[in-house]
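See below for the structure under consideration.
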Amino acid sequence: MDISPLQKARYEYKPKLPKMLRVGVEGIAVQEGDKTEAASDKEKISELFPNTYGMKEVYFVDGESTAEKKKHVIGVILSGGQAPGGHNVIAGLYDAMKEDNVESVLLGFKGGPSGILDDNYITLTGETIDKYRNTGGFDMIGSGRTKLETEEQFKIAAEVAKKHNMDAIVIIGGDDSNTNAAVLAEYFKANNVPVQVIGCPKTIDGDLKNDDIEISFGFDTATKTYSELIGNVERDANSAKKYWHFIKLMGRSASHIALECALQTHPNICLISEEVEKKGMGLNAIADYIADSVMARASLGFNFGVVIVPEGLIEFVPEVKKLIEEINETLAKHGERFTKLPTWDEKLGFLTAALSVESMKVFNLLPLDIQEELLMDRDPHGNVQVSRIETEKLLSNIVRNRLNQRKQEGKYNGKFSPMHHFFGYEGRAAFPSNFDADYCYSLGYTAFLLISYGYTGYLSSVRGLAKGVDEWKAGGMPITKMMDIERRGGEDKPVIKKALVDLEGKPFQYFEKHRELWARETAFSSPGAIQYFGPSEIADKTTITLALENE
Ligand code: FBP
């Protein structure tokens, strides 16, 4: 790959570590806090994790290191969707490991969790790592969505670890991958396999967050990238004054990405899935809500606008949610049989027999392409692949019908020309912002500290992120603390609790206070491109969400 001048300059960028970590591994001591409990379903989770439940919070502090000095062999895995900064997690892990002992070895398992099962790896050297410092993407070792969850897989992982004399595995992933990291840590402990498992919080979706994880890495860069694009579309819309742009934004379940981008760009409409669910807004109510804005703007002479649609919305619209749940249960039980049915009519017949009458009615009302998209293969975690459902087109379609109806009733006389966009993959492999570059490097560095102090079943945690890097604090949280029991693929499973948008939280409330005005007026805001150089208040600034949450 040709190297651009920016990439060259980014190779030179030295990620900033929190002041407390800058002294080097020798000068970092550990402090343990309180014993932890699961987020909910405590009893059930403690039964499922008898060896790793209830462990203590861990904080790193200034002081002489008491970690055992030894040669480590650590395996690292990138899991799930790309998120800007993954390479820096590996670089931080590598640098801390080598600082501790130059003899230590880092193995990068290729193509995600399947890499360890196939023993497909490369030994990561300084030369390799240097080619990826501060770059986006996961191409250093690749990623994948294979789930590490069965006992058979754990046995293979243990054998591979033994073969390489590995003493730790770092799994860089989202809520599902880190849930599996916790199950693997429990299995290793229960079976006396001397391999520690440490997770790092990754996902652009921003839904792996809680009291201990303020944000997952990648959210900052992805939302800045999308906000730049939305700002550009808004400027274009306000120049041409002829299109309504329906922009679907990635974020599989939670609407954090959509909300942050709305705070950055002030679109006319931004739907928040969590609110849609809470208010029980069906497709008709959503159509009315958007059509009201189109009409209000038309009356001011503005036949253009911008609507942000979170990718996961479709799963939060009550009637569609029920339909998807029923399809999920059906496919979980009879997926193979269903896929083999040769004709669409036979598939419809099968669904008519399997789904409730109400759900089948909703299914029949949807356009054919959306019906097909709802039936596509689930991802390995049993989730609908919402990035492949064209919700933005579905919405503009129902809004058009609603406006036509209002036209016939003589209530509206504007023009409505929709344009559709989906911003998702554009933001997942961008050059990490300074925030993500620094945060990821610190997460990797902290992951090594957790290993050196012998912890397992922990998530690397760097906190105080709304403050300057100097003041960030590093530590670790037992993954079981973040768990509850949820129904997945037709079964009750222990999972890390997904953080949805808090409708009582400050980011949503700020949005709520302003959205009426934004729906009517043209209050667009263009944040521009990510700045990698220049004054810290511009180049190191993080998200509005994080700033508001920490006000
Ligand atoms: P992770 O949860 O693995 O970080 O991935 C999130 C995501 O980017 C979602 O926003 C999106 O729906 C999904 O990945 C797309 O998956 P794929 O890359 O398999 O198309």
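The values are calculated or read from the model by the stated rules, or taken from the named source; none is laboratory data. Model, not experiment: these values are computed from the prediction. So basically every Cβ, Gly included, is an ideal-geometry build from the backbone, and we count neighbours across all protein chains shown.
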Residues of the range 214-249 that turn out to be surrounded by fewer than 23 Cβ atoms within 10 Å (Cβ to Cβ) and within 14 Å of the ligand (Cβ to nearest atom), as a count: 0
Residue list for the range 212-261, filter: in contact with a strand residue (DSSP E or B) (Cβ under 6 Å, 6 or more places away or on another chain), more than 30 Å from Lys56 (Cα to Cα) and acidic (Asp, Glu): Glu234
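One line per residue, one yes/no per condition, for (1) touching a Gly at 6+ places or on another chain (Cβ under 6 Å); (2) among the basic types (Lys, Arg); (3) surrounded by 13 or more Cβ atoms within 10 Å (Cβ to Cβ); (4) more than 29 Å from Val495 (Cα to Cα):
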| residue | (1), (2), (3), (4) |
| --- | --- |
| Asn383 | no, no, yes, no |
| Val399 | no, no, yes, yes |
| Asn413 | no, no, no, yes |
| Met419 | no, no, yes, yes |
| Gly427 | no, no, yes, no |
| Pro432 | yes, no, yes, no |
Among residues of the range 423-474, those that are away from the ligand (no atom under 16 Å from the Cβ) and out of contact with any strand residue (DSSP E or B) (no Cβ under 8 Å at 6 or more places or on another chain), counted: 15
Number of the exception - Arg252 against (1) crowded, with 24+ Cβ neighbours inside 10 Å; (2) at pLDDT 95 or above: (2)
Residue match in the range 293-304 (condition: basic (Lys, Arg), surrounded by fewer than 24 Cβ atoms within 10 Å (Cβ to Cβ) and without any contact (Cβ under 8 Å) to a residue 40 or more places away in the chain): no
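Where residues in the range 361-416 are hydroxyl-bearing (Ser, Thr, Tyr) and part of a helix (DSSP H, G or I), which of them is farthest from the ligand (Cβ to nearest atom)? Walk me through how you get there before you give the answer.
Of the range 361-416, the ones hydroxyl-bearing (Ser, Thr, Tyr) are 387, 391, 396, 412.
Pick out the ones that are also part of a helix (DSSP H, G or I) and you get 387, 391, 396.
Values: Ser387: 4, Thr391: 12, Ser396: 20 Å.
Once the filter is applied, the top-ranked residue is Ser396.
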Index of the failed condition, Thr128 passing every other in (1) hydroxyl-bearing (Ser, Thr, Tyr); (2) surrounded by fewer than 21 Cβ atoms within 10 Å (Cβ to Cβ); (3) assigned to a loop (DSSP other than H, G, I, E, B): (3)
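Can you name every residue in the range 452-506 that is in a loop (DSSP other than H, G, I, E, B), out of contact with any His (no Cβ under 9 Å at 6 or more places or on another chain) and farther than 24 Å from Glu57 by Cα? It would help to see each step written out before you state the result.
From the range 452-506, those in a loop (DSSP other than H, G, I, E, B) are 453-457, 464-468, 472, 489-490, 497-505; that's our starting set.
Among the residues that remain, those that are also out of contact with any His (no Cβ under 9 Å at 6 or more places or on another chain) are: 453-457, 464-468, 472, 490, 497-498, 502-505.
Result: Gly490, Asp502, Leu503, Glu504, Gly505.
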Candidate set: the range 12-51, residues that are within 25 Å of Lys98 (Cβ to Cβ), in contact (Cβ under 8 Å) with a residue 40 or more places away in the chain and within 28 Å of the chain's Cα centre (by Cα); chosen: the one surrounded by the fewest Cβ atoms within 10 Å (Cβ to Cβ): Lys19
Any hit, the range 11-25, residues being in contact with a helix residue (DSSP H, G or I) (Cβ under 9 Å, 6 or more places away or on another chain), in a loop (DSSP other than H, G, I, E, B) and closer than 30 Å to Leu148 by Cα: no
